[in-house]
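The values are calculated or read from the model by the stated rules, or taken from the named source; none is laboratory data. Predicted, not measured: the structure shown is a model, and the values here were computed from it. So basically every Cβ, Gly included, is an ideal-geometry build from the backbone, and we count neighbours across all protein chains shown. Heavy atoms of the whole protein, side chains included, go into the accessibility calculation; ligands, DNA and RNA do not. Shrake-Rupley method; radii C 1.70, N 1.55, O 1.52, S 1.80 Å.
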Amino acid sequence: IDSTTSRLTSRAFFESYKTSDIYLVNRDHVMVTPSRYVQDVKSQQKVDTLPVFECLNKGKEISEEYDNYKGVRVLGASMCLQDDDLVLIIEVEKDEIFAPLILLNRLAITRGIVVLFLGIIAIIFFIYKPFSRIDDIIMAAERVAGGDLNVKLDINSKDEIGYLSSVFNTMISSISSS
């Protein structure tokens, strides 16, 4: 059961991450098992990376970000197999790990800009409309001040501006009749 589970786990790891890699490195810093990128272990692929150095020189396992043997930035972990003088390395390219977060970040920024834009439009609409009606009242008042008592405002809203225009119309009617 354990060997089946580990095979399924490593298969899932390889299927989940296109840049994932698992391999063993010996005391001479040479890859001794095939990897996703190095199939021919006879090629003596040298691996002088942080996890290999830490494990072979200090006996310390790591789990962090570093440059792999290809010079690519990865997130990886190592396991020191000291009895066999081997280092087990598991790694995935950093760009692949962070790609979903970058996408989420871009979506959040885009949505924020859209919401900001819609908010500005809403503010302009709700502020411009009342001010344009106030401008109508000011122009009507200027006409009355010039002697034109036949002015009538056609603002039929149910807010304060509508009430003001109704009172203005009543006032002009009262002045005209007297």
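Ranked highest first by the average count of other Cβ atoms within 10 Å around their residues, in what order do 135-143, 112-120 fall?
On the way: 135-143: 13.6, 112-120: 10.0.
Going from most to least packed, we get 135-143, 112-120.
Quick one: dipole size for the chain, taken about the Cα centre, charges +1 on Lys/Arg Cβ and -1 on Asp/Glu Cβ, in debye to the nearest 20. Each step should come with its number before you reach the end.
Numbers: 19 positive and 25 negative charges, 101 e Å.
That gives a dipole near 480 debye.
When the chain is modelled as a GNM with alpha-carbon springs shorter than 10 Å, which of I22, I124, I90 fluctuates the most?
Comparing I22, I124, I90 in a Gaussian network model of the chain, the most mobile one is I124.
Among the lysines in the stretch 40-178, how many pairs, 8 or more places apart or on different chains, have alpha carbons under 30 Å apart?
15
Averaged per residue, what accessible area in Å² does the chain show with a 1.4 Å probe, protein chains only? Walk me through the intermediate numbers first.
Numbers: 12370 Å² over 178 residues.
Result: 70 Å² per residue.
Beyond 11 Å, how much of the Cα-Cα pair distribution for the stretch 137-178 remains, as a whole percent?
Values: 523 of 861 pairs.
Of the Cα pairs, 61 percent sit more than 11 Å apart.
Mind telling me which of D84, D95, D28 comes out most flexible in a GNM of the chain, alpha-carbon contacts under 10 Å?
D84
How large a share of the accessible area of the stretch 83-178, in percent, is made up of carbon and sulfur atoms when the probe is 1.4 Å and the other protein chains stay in place?
On the way: 4790 of 7290 Å².
Carbon-and-sulfur percentage of accessible area, whole number: 66.
When the helices in the chain are scored as -39500 (n - 2.57) per DSSP H run of 4 or longer and the sum is shared across all residues, what 222 nm value do you end up with, to the nearest 500 deg cm²/dmol? Let's see the in-between values first.
Details: 4 runs with 89 residues, N = 178.
Taking each H run of at least 4 residues, the total per residue is -17500 deg cm²/dmol.
Projected onto the charge dipole of the chain (+1 at Lys/Arg Cβ, -1 at Asp/Glu Cβ, origin at the Cα centre), which of L50, Y66, A108 gives the Cα projection farthest towards the positive end?
A108
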